[in-house]
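Undergrad: What follows is a structure written as structure tokens; I'll ask about it next.
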Amino acid sequence: MYYVNREQIAVRLAALPGVGEALRALRAEWNGGLIQGLAQERALYLAIEIVTDVGSYLIDGFIMRDASSYEDIVTVIAGEGVFPEALTAPLLELVQLRRPLAQDYFDWKRAELHRFAAELPDTLAAFKQAVEAYLLRELGE
């Protein structure tokens, strides 16, 4: 029997629509200012943390192969069929932004709208839906 912390997964997944909404608003109103640049960084960072937190809960709960890195978290849950294959590349690219955002922040180009701002809201929505469907498929209600 698996112990999957559905409550913590749900709490994290519930934050994704807000992140997507913030990215859409930033994209629509982008002026390259400092506040918008910092808001974009935070939205991207939250997206990374949510995806990897949810992935870690799934790996632990379903006793999947241990992940050795943020990228590996995505690879492991992709291999287990948690989300469609088409999401693997964008999610891997997303988590690869963690180091630049968390450690190399002094080099981050805050005045530029990151190209992910356009596609990430849809990617996050698809990830949320796929994880919820996976949980229903594997655990039922």
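Undergrad: Could you go through the range 45-60 and let me know if any residue there is in a helix (DSSP H, G or I), crowded, with 18+ Cβ neighbours inside 10 Å and at pLDDT below 95.
TA: Scanning the range 45-60, I find no residue that is in a helix (DSSP H, G or I), crowded, with 18+ Cβ neighbours inside 10 Å and at pLDDT below 95, so the answer is no.
Undergrad: For a quick check of your reading of the model, give me the residue pairs whose first member lies in the range 72-88 and is more than 18 Å from E138 (Cβ to Cβ), whose second is at pLDDT below 95, with beta-carbon atoms closer than 6 Å and at least 6 apart or on different chains.
TA: Going by the 6 Å Cβ cut-off, there are no qualifying pairs.
Undergrad: Scan the range 16-27 residue by residue and report those that are more than 18 Å from Y134 (Cβ to Cβ), touching a Leu at 6+ places or on another chain (Cβ under 9 Å) and surrounded by 14 or more Cβ atoms within 10 Å (Cβ to Cβ).
TA: Within the range 16-27, V19, G20, A22, L23, L26, R27 meet the criteria.
Undergrad: Of the residues that make up the range 12-20, is at least one part of a helix (DSSP H, G or I), over 24 Å from L139 (Cβ atoms) and either in contact (Cβ under 8 Å) with a residue 12 or more places away in the chain or among the polar types (S, T, N, Q) (or both)?
TA: Scanning the range 12-20 turns up at least one residue that is part of a helix (DSSP H, G or I), over 24 Å from L139 (Cβ atoms) and either in contact (Cβ under 8 Å) with a residue 12 or more places away in the chain or among the polar types (S, T, N, Q) (or both).
Undergrad: Also: I need a count of the residues in the range 94-109 that are surrounded by 16 or more Cβ atoms within 10 Å (Cβ to Cβ) and more than 18 Å from the chain's Cα centre (by Cα).
TA: 1
Undergrad: What number goes with the only condition from (1) out of contact with any helix residue (DSSP H, G or I) (no Cβ under 7 Å at 6 or more places or on another chain); (2) modelled with pLDDT of 95 or more; (3) over 16 Å from E21 (Cα atoms) that L91 does not pass?
TA: (1)
The values are calculated or read from the model by the stated rules, or taken from the named source; none is laboratory data. Since this is a predicted model, take the numbers as computed values, not measurements. We place every Cβ from the backbone using ideal geometry, glycine too, and count neighbours over all the protein chains shown.
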